[in-house]
1. How far apart, in nanometres, would the label points at Arg3 and Lys16 be if each is projected 7 angstrom from Cα along the Cα-to-Cβ direction?
2. Only counting other Cβ atoms within 10 Å, I'd like Tyr26, Tyr20 sorted with the fewest neighbours first.
3. Neighbour counts of other C-beta atoms within 10 Å: give me Phe47, Phe33 arranged from fewest to most.
4. With charges set only on the Cβ (+1 for Lys and Arg, -1 for Asp and Glu), what does the dipole of the chain come to about its Cα centre, in debye to the nearest 20?
5. So what is the 222 nm mean residue ellipticity for the chain from helices alone, if each DSSP H run of at least 4 adds -39500 (n - 2.57) and you divide by all residues, rounding to the nearest 500 deg cm²/dmol?
6. Can you pull the one-decimal nm distance between simple spin-label points at Glu40 and His27, each 7 Å off the Cα toward Cβ?
7. Can you pull out the GluC sites (Glu not before Pro) in the chain whose DSSP state is coil and whose Cβ has at most 14 other Cβ atoms within 10 Å?
Amino acid sequence: MDRNETLKKLESKRTKCTVYTRVMGYHRPVESFNIGKKGEHRQRKQFVER
């Protein structure tokens with residue numbers, strides 16, 4: 001079974017995921033950002049601790 005078939009079978013079980021980010025000391029959902037702030041959030045690099 002390829003990936004597309006698997007995704008189609010599981011489509012009904014999928015739910016929306018709310019992504020939060022820390023802004024000025026508190027957490028806010030990214031979906032509430034304005035267009036400019038959403039673009040800035042997409043350009044951020046994720047920190048990976050080693």
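1. 2.5
2. Numbers: Tyr26 7, Tyr20 12.
By the 10 Å Cβ count, ascending: Tyr26, Tyr20.
3. Working: Phe47 5, Phe33 15.
The most exposed by this proxy come first: Phe47, Phe33.
4. Working: 14 positive and 6 negative charges, 17 e Å.
That gives the chain a dipole magnitude of about 80 debye.
5. Rounded to the nearest 500, it is -9500 deg cm²/dmol.
6. 2.1
7. Sites meeting the loop and neighbour criteria: Glu49.
None of the figures in this text is laboratory data; all of them are computed from the coordinates on show. In this text, all values refer to a predicted model and were calculated from it rather than measured experimentally. Methodologically, a virtual Cβ is constructed for each residue, glycine included, from the backbone with ideal geometry; neighbour enumeration extends over all protein chains shown.
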